[in-house]
1. With a 10 Å Cβ neighbour count serving as the proxy for reagent exposure, in which order, fewest first, do C153, C23 appear?
2. At a 10 Å Cβ-Cβ cut-off, how would you order S101, S51, fewest neighbours first?
3. Report the semi-axes of the equivalent ellipsoid for the chain in whole Å, largest first, where each axis is √(5λ) for an eigenvalue λ of the Cα gyration tensor.
4. Using only Cα atoms, tell me the angle between helix 61-73 and the longest principal axis of the chain; keep it within 0 to 90° and round to the nearest 10.
5. Straight-line reach from K74: which aspartates and glutamates fall under 20 Å, measuring Cα to Cα and dropping same-chain residues less than 8 apart?
6. For the chain, what does the helix formula give at 222 nm: sum of -39500 (n - 2.57) over DSSP H segments with n ≥ 4, over the residue count, nearest 500 deg cm²/dmol?
7. Based only on other Cβ atoms within 10 Å, what is the fewest-to-most ordering of S65, S104?
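Read-outs throughout are calculated quantities, based only on the coordinates presented, and are distinct from any laboratory measurement. Worth saying up front: this structure is predicted, and the values here are computed from it rather than measured. As a convention, Cβ positions derive from the backbone with ideal geometry for all residues, glycine included, and neighbour counts pool all protein chains shown.
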Amino acid sequence: MLPEERERRMYEGMHRMRNIRLCDLITDLTSAEFRLLYTIVEHADETRKISELAEMAGMQPAAVSRLMNSLEEKGLIERRSRTGNRRVTDVYPTDRGRALSSQSKQTIHDYWTEVFENIPTEDADRLVEILDEITDSMERVLERRVEQQKENCP
């Protein structure tokens, strides 16, 4: 395969995968809401500030605040002021939030199981390894190029 063809197919494949909306399998949640709820549930035993949750979920704090309003309205999380410091608000999943997160994780697991059911395990494992290598390389190259641009800017 020629490099131009590989680039085109890689771009098209990434674009197609990005447009697959797994959140359509999960009722009542957007993909961002699910990602935040999942993060909150996974770290429920730890006290977390909004800024920490944002970092763990890979989101901006302002977006997390908006999403938390939605999750709270849906009864999936609750916010409590920290004892001794009312300026700090901790976030906890409700029982309903835990149940929906668990059900959603199972739904997504079942989806991926079906996707990979006809692909040999060794091939699927190697695909994941290759995707990790590609992603690592993309991040390194992008970081290097951004730094080069900064150096060249007056």
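1. Numbers: C153 6, C23 17.
Fewest-to-most Cβ neighbours within 10 Å comes out as C153, C23.
2. Details: S101 22, S51 10.
Placing the least packed residue first, the sequence is S51, S101.
3. Details: eigenvalues 237, 123, 35 Å².
In descending order, the three semi-axes are 34, 25, 13 Å.
4. Result, in degrees: 60.
5. D24, D28, E33, E42, D90, D95
6. Working: 6 runs with 102 residues, N = 154.
The helix-only estimate for the chain comes to -22000 deg cm²/dmol at 222 nm.
7. Numbers: S65 14, S104 21.
So the residues, fewest neighbours to most, are S65, S104.
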